[in-house]
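Undergrad: Pasting a structure below so you can have a look.
The values are calculated or read from the model by the stated rules, or taken from the named source; none is laboratory data. No experiment lies behind these values; they were computed from the predicted model shown. All Cβ positions, even for glycine, are placed from backbone atoms using ideal geometry, and neighbour counts span all protein chains on display. These area figures cover heavy atoms from the full protein model, side chains too; ligands, DNA and RNA do not enter into them. Shrake-Rupley method; radii C 1.70, N 1.55, O 1.52, S 1.80 Å.
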Number of protein chains: 4
Amino acid sequence: MLNKKVVAVIGGGQCSKEDARVAEEVGRELAKKGVILVCGGLGGVMEAACRGASTEGGITVGILPGENRQAANPYVQIPIVTGMSYARNVIVVKSAQAVIAIGGSYGTLSEIAHALQSGIPVIGLNTWSLSQNAQQDKSIIPAQNPGEAVDKALSLAKTNITKP
Amino acid sequence: MLNKKVVAVIGGGQCSKEDARVAEEVGRELAKKGVILVCGGLGGVMEAACRGASTEGGITVGILPGENRQAANPYVQIPIVTGMSYARNVIVVKSAQAVIAIGGSYGTLSEIAHALQSGIPVIGLNTWSLSQNAQQDKSIIPAQNPGEAVDKALSLAKTNITKP
Amino acid sequence: MLNKKVVAVIGGGQCSKEDARVAEEVGRELAKKGVILVCGGLGGVMEAACRGASTEGGITVGILPGENRQAANPYVQIPIVTGMSYARNVIVVKSAQAVIAIGGSYGTLSEIAHALQSGIPVIGLNTWSLSQNAQQDKSIIPAQNPGEAVDKALSLAKTNITKP
Amino acid sequence: MLNKKVVAVIGGGQCSKEDARVAEEVGRELAKKGVILVCGGLGGVMEAACRGASTEGGITVGILPGENRQAANPYVQIPIVTGMSYARNVIVVKSAQAVIAIGGSYGTLSEIAHALQSGIPVIGLNTWSLSQNAQQDKSIIPAQNPGEAVDKALSLAKTNITKP
């Protein structure tokens, strides 16, 4: 029954208008392709992506840091309540077969790092770039626009075990 | 958009035929009433409940302990990959507005305890009974059959914040 | 260098005078035997046990649920800050080779259950008793007084891998 | 009783000889100043730092990702067993008042990001550098050698609440 792909959209809980526009289009494109959208469930990029997915009838999952399901943005259909603060970042990326990062600050950077540590592909739109310390073969893959980001995410989506 | 209620079904990863029959009917009843089913995503009671919900077109979420989404039972539609081992038990119950416990061993007992600690109602079907140490007002609420368990879960479902 | 044994003392954040007296003596006995004391770091039984251990020059570790090290009771020497709320209960017991439970409510019950789930022995002093659902061979082991509890904990202390 | 400062040393589980040499000296310097050393408990930079601290009689804490305390490097005195895989990275940094990063790959990057997200100062020795997305005021603070890193860590060590 795991017949739908799952992609995480990560980014700041507050964001620029442009990042929000991009996130919303990413959400729409994912929903159009029948992909389940996972995110951290709060505002900014997360909310914009969920709003986009909802417009197209997609499924949205919000993995929340706090104790209160009501903290989810209004477009989250399935709230997961962790009460684990930032440790929920790990769950957001591990639950996805690919990650699309849009803008973001240190929380987003932690998610990018956890994804790369687990061998989950990360597609970037206007987000962090990593220094030369990164192994070249599995760093952030840049995309120019939402459609390209979604295409790359789906073509690279992991189908198997994440690394321990 | 949190317009659907969420109920967790907890119980052993291995279980008796009778517990499986009960869990499957609980899953069916939840789905008929439009409730999202959350569980630990593995076999036994979890699988039976998901199978029942699937029969009626319900939404099933499996919050997995390991690193591998493929470990989900075949009736999980939305796998959440935590990699956190038994700490995922906390997330299973916190994500629900009420919990239905069926049979189960120590893992189930930990989930019952976490739910009661967070003020989330627990309905029991052939499961643990708690000693006199428990405060009387918020312990396991017994049910005689799946239908009664689901009715009690929905009438008691928390609508608000879980306790810290 | 893992040459010291580690025992967890669990129990309520608020407790009776008698439970506090017992916890303090457990802490003293553990320290006299060179055992590292692990607990949840807060008040009640946890504080009393840490106070007892400190009296005898023992090492005390507090695994805190919140974000603030200052929440540790005054006798915690080594605060571990999880920010994971009740999910830290899992870490308290997994870090120990045996667990001594004193009084306690649902949080303590969750820790007892997690310990038994992981095959870590639990010694009980005036705490929960488990119903007949429990497999007889690995349930709570009763003790009559602090000295007996510490002796049993040390003789049963796991030396190896906890179960997955 | 929180009278000792706590500093985390983070870096790869495998590392170059030079990074190991630097980590060992950082461990020695921390121990000389009476600081508790927290790390992820495994090999590479973590082991070298613990070895250095042990040489000077310091206290070493290893916050382990797996289920087995025996996985700790031989210089860990106090093993914390999380069973939470990479989510333990969050605990490593939150438990510290300052973080010293040495070399490292994506796991280390996730820890740097979590620390900065929580407002915990990060001192870097031959480690990641962050792109211009980072807010300038609270990014990685470079050091030229172990002594300078320890001095900066101690002068910047947080004394208060980490951010939610």
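Undergrad: Tell me, what is a quarter of the convex hull surface for the C-alpha atoms of the range C:48-139, in nm² with one decimal?
TA: 6.3 nm²
Undergrad: Could I ask something else about it? For B:I100, list long-range residues whose amide hydrogen, built 1.01 Å from N in the peptide plane, is under 5 Å from its own amide hydrogen.
TA: Hits under the 5 Å cutoff: B:A8, B:V9, B:I10, B:I123.
Undergrad: Please report, for A:D151, the nm distances (one decimal) from its label point, 7 Å out from Cα along the beta-carbon direction, to the equivalent points in the remaining copies, shortest first.
TA: 5.5, 5.7, 7.6
Undergrad: Then there's this: What list of ³J(HN,Hα) values in whole Hz, one per residue of the range C:93-104 in order, does the Karplus curve 6.51 cos²θ - 1.76 cosθ + 1.60 (θ = phi - 60°) give from phi, with Gly and Pro shown as x?
TA: 7, 5, 6, 9, 8, 7, 10, 10, 9, 10, x, x
Undergrad: Something else about it: State to the nearest 20 debye the size of the charge dipole of the range A:1-84 about its Cα centre, where the only charges are +1 on K and R beta carbons and -1 on D and E beta carbons.
TA: So the magnitude is around 260 debye.
Undergrad: Can I ask one more? Between beta-carbons, use under 10 Å as the cut-off and find the net charge around D:I80, counting Lys and Arg +1, Asp and Glu -1.
TA: Result for the neighbourhood of D:I80: +3.
Undergrad: Using only the Cα atoms, what convex hull volume per residue in Å³ does the range D:1-91 have?
TA: It is 82 Å³ per residue.
Undergrad: Could you compute how much accessible area chains A and B hide from each other, both sides summed, with a 1.4 Å probe? Nearest 100 Å² is fine.
TA: That pair of chains buries around 3100 Å² in total.
Undergrad: Given only helices, namely DSSP H runs of n ≥ 4 each adding -39500 (n - 2.57), what is the per-residue ellipticity at 222 nm of chain D, to the nearest 500 deg cm²/dmol?
TA: One gets -11000 deg cm²/dmol as the mean residue ellipticity at 222 nm.
Undergrad: Rank-order B:4-10, D:148-154, C:121-127, C:2-8 by packing density, defined as the average count of other C-beta atoms within 10 Å over each peptide's residues, highest first.
TA: Sorting B:4-10, D:148-154, C:121-127, C:2-8 by mean packing, highest first, produces B:4-10, C:121-127, D:148-154, C:2-8.
Undergrad: Based on alpha-carbon centroids, what's the gap between the range B:12-37 and the range D:8-61 in Å, whole number please?
TA: Each part's Cα centre sits 51 Å from the other's.
Undergrad: Then there is this: What is the log10 of I(q)/I(0) for the protein assembly as shown, computed with the Debye formula using one identical point scatterer on each Cα and no solvent, at q = 0.11 Å⁻¹?
TA: The Cα Debye sum returns log10 ratios of -1.05.
Undergrad: Follow-up question, since we're still on this one. Leaving out ligands, DNA and RNA, what percent of the accessible area of chain C is carbon and sulfur, probe 1.4 Å?
TA: The computed percentage sits at 49.
Undergrad: Collect residues whose amide H, placed 1.01 Å from N in the peptide plane, falls under 5 Å from the amide H of C:S105; neighbours closer than 5 in sequence don't count.
TA: C:G12
Undergrad: Turning to a different aspect of this structure: Relative contact order for chain A using alpha-carbon pairs under 8 Å, separation at least 6, rounded to a whole percent?
TA: Relative CO of chain A lands at 23 percent.
Undergrad: Still on this structure, please answer the following. Along the Cα→Cβ direction, 7 angstrom out, place labels at B:S16 and D:K33. What is the inter-label distance in nm?
TA: If labels sit at B:S16 and D:K33, their model points lie 6.3 nm apart.
Undergrad: Hey, quick one: spin label on B:N145, modelled 7 Å out along Cα-Cβ, who in the range B:115-129 has an amide N within reach, i.e. under 20 Å?
TA: Counting only backbone N, you get B:123-127.
Undergrad: Kindly write out, for the range C:120-129 in residue order, the coupling ³J(HN,Hα) from the Karplus curve 6.51 cos²θ - 1.76 cosθ + 1.60 (θ = phi - 60°), rounded to whole Hz, with x marking Gly and Pro.
TA: 8, x, 10, 9, x, 10, 6, 10, 4, 10
Undergrad: How are the alpha carbon pair distances in chain D distributed across 10 Å bins from zero to the largest one, expressed in percent?
TA: Here the calculated profile for chain D is 12, 46, 35, 6, 0.
Undergrad: A follow-up question, please. Could you pull out every residue, at least 5 positions away or on a different chain, whose amide H is within less than 5 Å of the one on C:I63? Hs are placed 1.01 Å off N in the peptide plane, and Pro or chain starts have none.
TA: Long-range HN contacts for C:I63: C:C39, C:G40, C:G41, C:I80.
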